[in-house]
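Shown next, in structure tokens, is the structure this report addresses.
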């Protein structure tokens, strides 16, 4: 089997261990195959992004609002990241809880972050290249975010002074986001 799926502590978030095929030339890793993923990814991928991040660059916590909510399959191509998925489904028993894990190119792990979650990561290595497959296109009018250090979520990031974009630095608190969506 090319993939080993492990359910995270929060329902619907899944960690994926990929098989590594080394030989004299290097190695081959199968990133994705529709059939084995059919029980967790219930839609087609519509976009792919590659982000290249310097050490301590924090991207997130991002989400798309309905009707363009996105599921994301996150894979590390080079380097190491601390990855976070926050449950923002108001009716969920794990609302505002998060799951995190260190992912690296060497560990051959990916994470499936379903719609209804905010996602982010921080680069732990000098450079991290991350492949992000999305089940919906980004619609700027439906973009949302949670401030990386929002006390409502209290993510225990492994760094205290991240490198942030202006957008990520200025996301309002989750409480303000929720009031705007009501």
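FYI, it's all coordinate maths here, none of it is from the lab. Every value quoted in this text rests on a predicted model; they were computed, and no experiment measured them. Neighbour counts run over all protein chains shown; Cβ positions are idealised from the backbone, glycine included.
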### Spin-label proximity, residue 51 to the range 90-107 - amide N less than 17 Å from point 7 Å beyond Cα toward beta carbon
99-105
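Among 1, 34, which comes first, then next, by fewest other beta-carbon atoms within 10 Å?
1, 34
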### Task
Write down the percent of antiparallel bridges among all DSSP beta bridges whose residues are both part of the range 1-74, to the nearest 5.
100 percent
## Note on the structure
Reduced to Cα centres, the span from the range 134-175 to the range 1-78 in Å works out to 20 Å
### Query
For 109, 137, 143, what's the fewest-to-most ordering of other Cβ within 10 Å of each Cβ?
137, 143, 109
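Give me 141, 107 sorted ascending by neighbouring Cβ count inside 10 Å, so fewest comes first.
Sorted ascending by nearby Cβ count, the order is 141, 107.
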